[in-house]
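The values are calculated or read from the model by the stated rules, or taken from the named source; none is laboratory data. As the structure is a prediction and not an experimental result, all values here were calculated from the model. Glycine gets a Cβ as well: all are built from the backbone with ideal geometry, and neighbour counts include every protein chain shown. Note: areas computed on protein heavy atoms with side chains; ligands, DNA, RNA excluded. Shrake-Rupley method; radii C 1.70, N 1.55, O 1.52, S 1.80 Å.
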Amino acid sequence: MLLLNQRPEHNQPLVAADAEALGMAGGARAEHYLGARDDHAETPLHGLPALADELGIAALHVKDEGQRLGLGSFKALGGAYAVVRLVLEEAGKWLGRAVDISEMNDAKVRQIASSMIFVCATDGNHGRSVAQGAGMVGARSVIYVHAGVSAERVAAIARFGAEIVQVEGGYDHAVREVARVGAERGWKIVSNTSWLGYERVPGLVMQGYTVIVRETLRRMAEPPTHVFLQAGVGGFAAAIAGHMAVMLGDRRPKAIVVEPKRSACVFASAQAGRPVSIANQQSTVMTMLECAEPSLVAWRVLMRVGDAFMTVDEEDAVAVMKRLARPLGNDPAIVSGESGGAGLAGLVRAAGDRQMRAALGLDSHSRVLVINSEGATDHGRFAELVGMAPEEVFLQTA
């Protein structure tokens, strides 16, 4: 299904708070933070000419976040960044001056951090980032995981020293539990979704994601004409589309938001013209995108810079995982997790449908960007779906 954005807010400027979070200064701040990390390395931007030719477009680029900061997901840029920002701000209050990221390992800063507890809900990747950030600065973290989070992903979070709290129900129930417990105990909530009265920290998380845009545009000879962005609560899609709109202005690409048909809360909200909560449905293979309510901040941004909303089926996501692992021609092999290729799945579906192509202006001159938002964060599940271990895919690129 495809829905064009016909809201009155479409193509209007971002509201002040979102323009600040996703603007040039915010993006530069996120890059400054990232540059201070010893484990920083720019992720690759791959050209896929064989697949582009098959889809009838001029060029296809994939920004591969599968190895970002050792966490295997773009989420490494958001949660950890927000944690460190909050620690530095708290240190600034105690010390009476601004505290820079270069002072992160200062004894006084670490002493302040040791008294702070960070909490979040996760499908797996965001919790790992928050736990990593807390560990970097010597703070504590408590991560709420729901019943659908695999044992391998839970173990990966725990390795960073996080306390794990398992709750029944899905991601959105875990978010509500975190909001309740965090408020009661005075813990610092670092959520990648927002709700009424809680917007600044999710804005910081999104600000961390803008690094992806900045790296990508520096590597492209021309900006893309289209970008297909997967969405759970919408924060990732809003951050990428929003920062692109700021950086490129009238030259910004058309931003198409892609969700699993089984869990399409942003699509449902676009249909309703307001944020809505969708009923629990059958679980989707795209587990990192299984969310019932959009982030209010993300919704506000996407109503302005999201040009279309679409859904994909389960088999679409799996087919893309297999195609990236077994490329044709000289295209590189890419390890893409269950949710990582959802944006590409949207492109493949749209490119194969005459009406969708026309509605989106996809043609032989189109330059399309997609983002592989995660690698194999659950190796067993990847091998089950693709029929190859991640290591076997990597060997093809060696």
Suppose the filter is touching a strand residue (DSSP E or B) at 6+ places or on another chain (Cβ under 7 Å) and assigned to a helix (DSSP H, G or I); does Leu60 pass it? no
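Open to solvent by less than 30 Å² (accessible area, probe 1.4 Å) and in the same structural domain as Gln12 (by the TED database): does that describe Pro327?
no
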Flag if Val335 is surrounded by 17 or more Cβ atoms within 10 Å (Cβ to Cβ), in a helix (DSSP H, G or I) and not assigned by the TED database to the domain that holds Gly148: no
Would you mind telling me which numbered condition in (1) under 25 Å from the mean Cα position of the chain (by Cα); (2) surrounded by 17 or more Cβ atoms within 10 Å (Cβ to Cβ); (3) not in a loop (DSSP other than H, G, I, E, B) Ala91 fails? (1)
Check the stretch 42-55 and report whether any residue there is β-branched (Val, Ile, Thr), part of a strand (DSSP E or B), closer than 22 Å to Leu248 by Cβ and open to solvent by less than 20 Å² (accessible area, probe 1.4 Å). no
Only one of Gly197, Gly208 is small (Gly, Ala, Ser) and touching a residue at least 12 places away in the same chain (Cβ under 8 Å); which? Gly208
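If I ask for residues that are in contact with a helix residue (DSSP H, G or I) (Cβ under 8 Å, 6 or more places away or on another chain), farther than 17 Å from Arg29 by Cβ and assigned to a helix (DSSP H, G or I), which ones from the stretch 204-239 would you list?
Keep residues of the stretch 204-239 that are in contact with a helix residue (DSSP H, G or I) (Cβ under 8 Å, 6 or more places away or on another chain), which gives 204-214, 217, 223, 226-239.
Filter once more, so that each one left must be farther than 17 Å from Arg29 by Cβ: 217, 223, 226-238.
Scanning the stretch 204-239 gives Leu217, Gly235, Phe236, Ala237, Ala238.
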Hey, among the residues in the stretch 6-28 that are closer than 22 Å to Ser373 by Cβ and small (Gly, Ala, Ser), which one's surrounded by the most Cβ atoms within 10 Å (Cβ to Cβ)? Ala21
Here is a list: Glu222, Glu152. Which entry is charged (D, E, K, R), at pLDDT 95 or above and open to solvent by 30 Å² or more (accessible area, probe 1.4 Å)? Glu222
I'd like the full set of residues that are small (Gly, Ala, Ser), surrounded by fewer than 18 Cβ atoms within 10 Å (Cβ to Cβ) and not in a helix (DSSP H, G or I), limited to the stretch 183-202. Gly186, Gly197
Taking into account only those residues within the stretch 339-390 that are outside any loop (DSSP other than H, G, I, E, B) and of a type in the set (S, T, N, Q), which is farthest from Arg219 (Cα to Cα)? Gln355
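If you take the residues of the stretch 282-315 that are among the acidic types (Asp, Glu) and at pLDDT 95 or above, which of them is surrounded by the most Cβ atoms within 10 Å (Cβ to Cβ)?
Asp307
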So Thr377 clears everything in (1) touching a Lys or Arg at 6+ places or on another chain (Cβ under 8 Å); (2) at pLDDT 95 or above except one condition, right? Which one? (2)
For residues that are among the aliphatic types (A, V, I, L, M) and surrounded by 13 or more Cβ atoms within 10 Å (Cβ to Cβ), scanning just the stretch 29-41, find the one that is farthest from Ser373 (Cα to Cα). Ala36
What number of residues within the stretch 243-263 satisfy the criterion of being open to solvent by 10 Å² or more (accessible area, probe 1.4 Å) and farther than 22 Å from Ala25 by Cβ? 3
